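The values are calculated or read from the model by the stated rules, or taken from the named source; none is laboratory data. Please read all numbers here as calculations on a predicted model, not as lab measurements. FYI the Cβ positions are ideal-geometry reconstructions off the backbone, even for glycines, and counts take in every protein chain you see. Surface accessibility is based on the protein's heavy atoms, side chains included, excluding ligands, DNA and RNA. Shrake-Rupley method; radii C 1.70, N 1.55, O 1.52, S 1.80 Å.
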Amino acid sequence: MIAYVCKYTPVEIIEAFGEEPVRLDSGCKSYERAEALIHSNMCSFVKGVLENIVENNIEEAVLTSCCDSIRRLYDVLKDRIKFIHILDLPRKKDSLAVDLFYNEIAEFIEAYKAFKNRSFAEEDLLKILEGKSFKKKKESSGSIAILGARLKDDVVEKIKNSCTVNIINFTCTGEERLFNIGAKNNLLKSYAESLLNLTPCMRMAEDRSKLINKEFKGIIYNTIKFCDFYSYEYAELKNKVDIPLLKIETDYTDSNSGQILTRVDAFFESTGIKKIEKKEALKGYFAGIDSGSTSTNAVIIDENKNIISYSIIPTGPRAVESAFKAFEIALCNAGLKEKDITSTVATGYGRVSIPFADRIVTEITCHGKGAFFIDNAIRTVIDIGGQDSKVIRLDDSGNVIDFVMNDKCSAGTGRFLEVMARTLGVSIDEMAKVRKEVKENITITSMCTVFAESEVISLIAQNKDQRDIIYALNKAVASKAVSLVDRIGRKGKYMMTGGVAKNQGVVHAIESRLGEKLVIPFEPQIIGALGAALISLEGKLG
Amino acid sequence: MDPVRFYSDIIKRNMDKPEKVNKLINFGLAAAYYYVNFFKDKRSPKSLHYLNKYCIKSIKDSLKNPQNSAWVNLFSPCEFLIAMDIKPLFIEAYSSFMSGFFIEDYLIDTAESRGISNTLCSYHKTFIGANELNILRKPEFMITTSMICDANMPTFRYLSRKYGVPLYIIDIPYKYSEEALIYVKNQLLEMVKRLEEVFKRKLDIDKLREVVKIENKTRTVMKEYLDYLKEKTLLTSMTFEMYMLFASHVFIGSREILSFYQMLIDDIKRAPERRGKSIFFVHLLPMFEKNFKDNFNFNNNFHIAGSDINYDFLGEIDEKDPFKGIAEKLILTSFNGEINRKVTRIRELIEKVKPDGIIQFCHLGCKQSIGGTFIIKNLASEMGIPFLYLDGDCVDKRNNQEGQNRTRLEAFLEML
């Protein structure tokens, strides 16, 4: 078995040697071993691959000089595993580049022959290549394209399973290795040329615009944390294409696939890819349960969309129990029994584990729905909850047409403020008071919760006024929220929802940055649950 | 109020008026130039003063004359531009100046809000942000190499598409071979053809040979300077060592840079015998970080003994075939290829300079550099020299943990 990473690796040579090529992924729970060998600020994918190699005692690997991180991975692995080889991969594909890559492949063959004391036959390679001969590719119009940085196979599978539309993975992990070997008299050179002609990735000097111009129904664009190549293409693409575009950021750990699927589901819902048929007008009561990371909220409405009751409770260690409890309290407040509820929609992180829900819908769609119901002039919803923050763009009919979420960290969320309140030794209510007049205008420079905490500790050590520090923290959260708004463009009227909307300090800071007043609903924490209840009544998302 | 902060506030308030910001930046550079010209820092050696003026002037000139300017990255071969009298603007330097003007945060936030990754190197984010706000006037041409830093190619490609300005990407192989040499030489020939078309002037090969000749001579003087470092103490600053990048890379081959190194030799000859502790830096120096400035700028106790980035190529370029010679330089720079090349170069420099300690400032987002930190650490421990690595950012001051850095840096210096 020979491990490899990059799609430009001469995988077919490995096969011709009779070895099994295994594309390495990360999929690790931690980078404990990797971070002992390489700096923690390296790309998460490379750290994951390194962890995988060390953890599984992988002895043979072939890399290419594809990016800074992989080149350093080679440096770290050299002299550490039995066989490691790096191929110099040109970024161009002219005849001199082909010559260069051809030599590299020949050198690899010689190196592996010497290592294994085994011969190599070109006929074996030819047979393999003939088995992978070029066929006409399937029509891709009407499909959803996954573009950008490599996306893990299991996430691709989950996306495919979550809808009925054809999904095509155009990232490196989805490359179909098809070859059209013409010149058999110089098989290796012809093979080198074919490899250089694979769909160019962002590290190549070749133009990728052909890939983008296809008539897709929508694009899911993936970037990897600390891998910066693809953000350029995304930045260019988002202003260019007029088809639905969703950006996701993965870090190649298992832990964020839940968040990714929430976004993808919401994307499918907002683009009408996932449709729920409209039911006949229903009678009775309808419930929405929002199982969030910090609080679980329930709302019950009647057939005329009047809010009959609601409840907000902290999410305990078991999301299901909290959901039952919130539901029961709401029922009790309304003087109803469970049998009186015609249908229930669950939303939020814990939505999949709520057994009594008739349907599950993402919190993005629900927040959009709830916010538009309260004020139909709302075009942007800023939701800052316990662990994530999101900005949702609505069209004139209240449909979600775009959204962005914070990355996988608690920067700028309720959790950030909770940690800071604890550090300062004040209650969260104290943090929430407006600080219009400050003695000193301090700026918290770090948005990372961990770094910001040490910054606050430094400020305490410098004897800064606590109110000034709180003011600075509220400003920091506001800055993060407004930068999310800027990612989809500003458009009023704005509504702020989620627990942090109760913090007057943050609200005030966002308003001054946006230069516009925010609509704060009477109970900002129940908007998701309200949206869920409305979907439950109407049976439609938009 | 601090005048620089005051100036920075004015720029930030006018960010929605790109023409005005462009003028304000040009004004700031002109003011800096005249300030340096008339108020010489008494602590600074003559050569530093000269280089300081040269660097500001070069940025100022290329920004004011975009029609005769090409944007390049630090490792682009600018010998061709010097020979053709085209003014290079190297984007890392522009970003450093913007950080000096305290507006990098605004530019970085702008780039990120347009979708550029927040983990990208801040030298690139700052430059992209400035372009997103349209505060730079587009040049006639752009040149980037693919080597050393992953950000170069996509940043230049992004900007070239944004403006519709021609870009030449020089793909530099990771390994050295005859084929690699031919591959690069051929690209250099092609690039010059494009330059000739765009700027409507011919490259005079004899002029290029002359540039290369000066470059070779400059390197001889540079090596002489290195020999003095172990016995003399020339007090300088973090900024000076970073300004050296203008001299060791983009503008090497010009007569002014040769003069600078000659002045530097005079300065170091006159400098006192070695005293205090000398620190060698790996890669970049955080010239805006307060702790580093406090501890190293013109300090008798701790002084800067150089950085390997200023000595990444110490060979001679073939004067007869400058295209081949420059191709060779590009492939063989110690920052290209396996880390062993870099390790070997650092070892040579350490043996020559004999510093008391080594510091690597791990610039956030620079994967090629931070990915080798532990390997350089092993080298230092093998050579018995104390080594410290600190995480931070050379441009975006918000990413520097001043308190934590102070404790670590001071503990390290106490240890020496």
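All conditions but one from (1) modelled with pLDDT of 95 or more; (2) more than 21 Å from the chain's Cα centre (by Cα) apply to residue B:73; the one that does not is (2). Taken together, the residues in the range B:146-167 that are touching a residue at least 12 places away in the same chain (Cβ under 8 Å), crowded, with 18+ Cβ neighbours inside 10 Å, of a type outside the set (A, V, I, L, M, F, W, C) and within 10 Å of chain A (Cβ to nearest Cβ) amount to 5. Within the range B:255-266, the set of residues being open to solvent by 10 Å² or more (accessible area, probe 1.4 Å), within 25 Å of residue B:92 (Cα to Cα) and touching a residue at least 60 places away in the same chain (Cβ under 8 Å) comprises B:256, B:259. Only one of these conditions is not met by residue A:61: (1) away from every other protein chain (no Cβ under 12 Å); (2) surrounded by fewer than 21 Cβ atoms within 10 Å (Cβ to Cβ); (3) at pLDDT 95 or above. Which number is it? Here residue A:61 meets the rest and fails (2).
Only a single item in (1) free of Cβ contacts under 8 Å to residues at least 12 places away in the same chain; (2) open to solvent by less than 30 Å² (accessible area, probe 1.4 Å); (3) within 25 Å of residue B:268 (Cα to Cα) is not met by residue B:42, and it is number (2).
Can you confirm whether the range A:107-120 contains a residue that is modelled with pLDDT of 95 or more, touching a helix residue (DSSP H, G or I) at 6+ places or on another chain (Cβ under 8 Å) and within 14 Å of chain B (Cβ to nearest Cβ)? There is at least one residue in the range A:107-120 that is modelled with pLDDT of 95 or more, touching a helix residue (DSSP H, G or I) at 6+ places or on another chain (Cβ under 8 Å) and within 14 Å of chain B (Cβ to nearest Cβ). Taking the conditions (1) surrounded by fewer than 22 Cβ atoms within 10 Å (Cβ to Cβ); (2) among the hydrophobic types (A, V, I, L, M, F, W, C); (3) more than 10 Å from chain B (Cβ to nearest Cβ) in turn, residue A:3 satisfies each one other than (1). Taking each residue of the range A:202-223 that is within 9 Å of another protein chain (Cβ to nearest Cβ) and looking for partners that are of a type in the set (Ser, Thr, Tyr) and open to solvent by less than 80 Å² (accessible area, probe 1.4 Å) with beta-carbon atoms closer than 6 Å, six or more apart or interchain, yields A:202/A:230; A:223/A:230; A:223/A:231.
Restricting the search to helices (runs of 4 or more DSSP H) fully inside the range A:61-180 and requiring at least 2 residues that are in the same structural domain as residue A:38 (by TED's automatic domain parsing) and within 30 Å of residue B:149 (Cβ to Cβ) gives A:68-77, A:95-116.
Residue-by-condition table, conditions (1) of a type in the set (Lys, Arg); (2) open to solvent by 20 Å² or more (accessible area, probe 1.4 Å); (3) modelled with pLDDT of 85 or more:
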{"position": "A:197", "(1), (2), (3)": "no, yes, yes"}
{"position": "A:218", "(1), (2), (3)": "no, no, yes"}
{"position": "A:229", "(1), (2), (3)": "no, yes, yes"}
{"position": "A:239", "(1), (2), (3)": "no, yes, no"}
{"position": "A:248", "(1), (2), (3)": "no, no, yes"}
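Which helices (runs of 4 or more DSSP H) does the range A:465-542 wholly contain that include 3 or more residues that are touching a Phe, Trp or Tyr at 6+ places or on another chain (Cβ under 6 Å) and outside the structural domain of residue A:413 (by TED's automatic domain parsing)? Show your work before the answer.
On the way: elements: A:466-488, A:504-514, A:527-538.
Fully inside the range A:465-542 and qualifying: A:527-538.
Within the range B:63-70, can one find any residue that is over 30 Å from residue B:303 (Cα atoms), within 18 Å of the chain's Cα centre (by Cα), assigned to a helix (DSSP H, G or I) and not β-branched (Val, Ile, Thr)? Yes, that holds for at least one residue. In the range B:17-29, the residues that are within 11 Å of residue B:64 (Cα to Cα) form Cβ pairs under 9 Å with partners that are among the charged types (D, E, K, R) and surrounded by 14 or more Cβ atoms within 10 Å (Cβ to Cβ), at six or more places apart or across chains, as follows: B:22/B:137; B:26/B:60; B:26/B:64; B:29/B:57; B:29/B:60; B:29/B:64. Mind checking which residues of the range B:50-63 are open to solvent by 10 Å² or more (accessible area, probe 1.4 Å) and under 13 Å from residue B:94 (Cα atoms)? Passing the criteria: B:57, B:58, B:60, B:61, B:63.
Pick out the one residue from B:116, B:143, B:170 that is under 14 Å from residue B:89 (Cα atoms) and open to solvent by less than 10 Å² (accessible area, probe 1.4 Å).
Working: B:116 fails: under 14 Å from residue B:89 (Cα atoms); B:170 fails: under 14 Å from residue B:89 (Cα atoms).
It is B:143.
Filtered by the rule that a residue be open to solvent by less than 40 Å² (accessible area, probe 1.4 Å) and either within 12 Å of chain A (Cβ to nearest Cβ) or part of a strand (DSSP E or B) (or both), the range B:328-358 gives B:331, B:335, B:336, B:337, B:339, B:342, B:343, B:357, B:358.
Conditions (1) more than 22 Å from residue B:117 (Cβ to Cβ); (2) in contact (Cβ under 8 Å) with a residue 60 or more places away in the chain; (3) acidic (Asp, Glu); (4) within 11 Å of another protein chain (Cβ to nearest Cβ), marked per residue:
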{"residue": "B:360", "(1), (2), (3), (4)": "yes, yes, no, yes"}
{"residue": "B:363", "(1), (2), (3), (4)": "no, yes, no, yes"}
{"residue": "B:368", "(1), (2), (3), (4)": "no, yes, no, yes"}
{"residue": "B:380", "(1), (2), (3), (4)": "yes, no, no, no"}
{"residue": "B:383", "(1), (2), (3), (4)": "yes, no, no, no"}
{"residue": "B:394", "(1), (2), (3), (4)": "no, yes, no, no"}
{"residue": "B:400", "(1), (2), (3), (4)": "no, yes, no, yes"}
{"residue": "B:404", "(1), (2), (3), (4)": "yes, no, no, yes"}
{"residue": "B:416", "(1), (2), (3), (4)": "yes, yes, no, no"}
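Go through B:295, B:300, B:291 for me and flag whichever is under 30 Å from residue B:398 (Cα atoms), more than 14 Å from chain A (Cβ to nearest Cβ) and in a helix (DSSP H, G or I). None of the others qualify; the one that does is B:295.
Consider the range A:76-87 and keep the residues that are surrounded by fewer than 20 Cβ atoms within 10 Å (Cβ to Cβ) and within 11 Å of chain B (Cβ to nearest Cβ). The one that is farthest from the chain's Cα centre (by Cα) is A:79.
When residues in the range B:207-232 are screened for being within 9 Å of residue B:261 (Cβ to Cβ) and aliphatic (A, V, I, L, M), 2 of them pass. Within the range A:6-38, being surrounded by fewer than 20 Cβ atoms within 10 Å (Cβ to Cβ), within 21 Å of residue B:367 (Cα to Cα) and without any contact (Cβ under 8 Å) to a residue 24 or more places away in the chain holds for A:30, A:32, A:33, A:35, A:36. In this structure, does residue B:225 turn out to be over 14 Å from the mean Cα position of the chain (by Cα) and surrounded by 23 or more Cβ atoms within 10 Å (Cβ to Cβ)? In short, no. Taking each residue of the range A:225-239 that is over 16 Å from residue B:113 (Cα atoms) and looking for partners that are β-branched (Val, Ile, Thr) and at pLDDT 90 or above with beta-carbon atoms closer than 6 Å, six or more apart or interchain, yields A:226/B:119.
Among the criteria (1) in contact with a Leu (Cβ under 8 Å, 6 or more places away or on another chain); (2) open to solvent by less than 40 Å² (accessible area, probe 1.4 Å); (3) within 14 Å of another protein chain (Cβ to nearest Cβ), the one residue B:408 does not fulfil is (2).
State yes or no: is residue A:44 over 30 Å from residue B:168 (Cα atoms), of a type in the set (Ser, Thr, Tyr), crowded, with 20+ Cβ neighbours inside 10 Å and in contact with a Gly (Cβ under 6 Å, 6 or more places away or on another chain)?
On the way: over 30 Å from residue B:168 (Cα atoms): yes; of a type in the set (Ser, Thr, Tyr): yes; crowded, with 20+ Cβ neighbours inside 10 Å: yes; in contact with a Gly (Cβ under 6 Å, 6 or more places away or on another chain): no.
No.
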